[in-house]
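Colleague: Sending over a structure as structure tokens; questions will come in a sec.
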Amino acid sequence: MALAENLAPAASDTNEHSYVDWPAIFAGTVLATAISFVLLTFGSAIGLSLTSAYEGRGMTLFWFAIAAALWVLWVQISSFTAGGYLTGRLRRRNYDATEHESDIRDGSHGLVMWALAVLIGAFVALTGVSAAVSTATSAASTVAAGAAAGAAGNADDMMSDGNSLLVDRLLRSTSATAQPTTADTRGEVTRIIGGALADDELQDADRQYLASVVSARSGISQEEAQARVDETWTQAQEAKAAAQEAAETARRIGLVAAFLTAASLFASALGAYFGATLGGNHRDKQVVVEGWYKPW
């Protein structure tokens, strides 16, 4: 009976306190975020030194992507392991738990620290993306309004698609007696080429019409105009294929980046759990790391 009376206050004291030690979690989150920021900034400086704005210089895109992915993975694991260790080391232990249960609670604190840091990072990223989208929308609205206002005065300024250069080359004059090219003619030729690219086929009627227009505007023979139309059509198809390839490459890069981001987050969660468990063990055993407790 006396033993029960002695144990009752301890159980009551334990029930009055939550097992979650938020100050330790916040401390680990701050440390993990700070380490990530410093290492990512340092990695950005290294990456800029390895790349070049000139083609053929510096590291290739393939190896740069691999190096960047490995660096991000290392930064995530190391920063969250450090934050987890600090969380586990600072967590106030409830002595009603066994050693095994204490390790689980230490690791759980590390996971909560990791989750909090990830949520903060996602919120910051979402805020930045929202601001960028808002700015882009405002800019697009301004540009669209300006284009609509000036459409009646200068139709040629509205031709901002990638076929404008091809149209310039197609209608380029080689004779002083050639007819001048009007904005209506340029717009019509551009629409014909754009529609053919969308259908992946240039109809014979459109080809012959373009040849006649080119012959009249540039002062060359019908045969030469036909050859110029065929060459321009080939160049337009090559430009479309290059754009599609670039889009496909961007899609693949985005897919790989998403998988690598998920893998790095999963690995960093394991690092946070391990670091918190290690920190809790060092806390219980009062392990002193030589050179860290008194660096002066």
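The values are calculated or read from the model by the stated rules, or taken from the named source; none is laboratory data. Bear in mind that the values here come from a model prediction, so they are computed numbers and not experimental data. Virtual Cβ from ideal backbone geometry, glycine too; neighbours counted across all protein chains shown.
Colleague: Does ASP204 fit the bill of being at pLDDT 80 or above, exposed (fewer than 15 other Cβ atoms within 10 Å of the Cβ) and within 41 Å of the chain's Cα centre (by Cα)?
Modeller: Answer is no for this residue.
Colleague: Here is a follow-up. ARG251: touching a helix residue (DSSP H, G or I) at 6+ places or on another chain (Cβ under 9 Å), among the charged types (D, E, K, R) and surrounded by 10 or more Cβ atoms within 10 Å (Cβ to Cβ), yes or no?
Modeller: Against the criterion (touching a helix residue (DSSP H, G or I) at 6+ places or on another chain (Cβ under 9 Å), among the charged types (D, E, K, R) and surrounded by 10 or more Cβ atoms within 10 Å (Cβ to Cβ)), ARG251 does not qualify.
Colleague: Related question: Tell me yes or no: at least one residue of the stretch 229-241 is assigned to a helix (DSSP H, G or I), among the β-branched types (Val, Ile, Thr), free of Cβ contacts under 8 Å to residues at least 60 places away in the same chain and crowded, with 18+ Cβ neighbours inside 10 Å.
Modeller: Yes; the residues of the stretch 229-241 include at least one that is assigned to a helix (DSSP H, G or I), among the β-branched types (Val, Ile, Thr), free of Cβ contacts under 8 Å to residues at least 60 places away in the same chain and crowded, with 18+ Cβ neighbours inside 10 Å.
Colleague: Pairs, please: C-beta under 8 Å, at least 6 apart or cross-chain, first residue closer than 14 Å to ALA276 by Cβ and in the stretch 92-105, second modelled with pLDDT of 85 or more and of a type in the set (S, T, N, Q)?
Modeller: ARG93/SER102; ASP103/THR277; ASP103/ASN281
Colleague: Tell me the residue from ARG252, ARG283 that is modelled with pLDDT of 90 or more and over 15 Å from VAL118 (Cβ atoms), please.
Modeller: When all the criteria are applied, what remains is ARG283.
Colleague: If you check ARG251 against the conditions, is it within 30 Å of GLN76 (Cα to Cα) and among the basic types (Lys, Arg)?
Modeller: Spelling it out, ARG251 is indeed within 30 Å of GLN76 (Cα to Cα) and among the basic types (Lys, Arg).
Colleague: In addition: Only residues that are surrounded by 24 or more Cβ atoms within 10 Å (Cβ to Cβ) and over 11 Å from TYR19 (Cα atoms): list them for the stretch 86-99, please.
Modeller: Passing the criteria: THR87, GLY88.
Colleague: Another one. Tell me the residue from ALA68, ALA82 that is modelled with pLDDT under 90, assigned by TED's automatic domain parsing to the domain that holds ALA267 and crowded, with 17+ Cβ neighbours inside 10 Å, please.
Modeller: Result of the check over ALA68, ALA82: ALA68.
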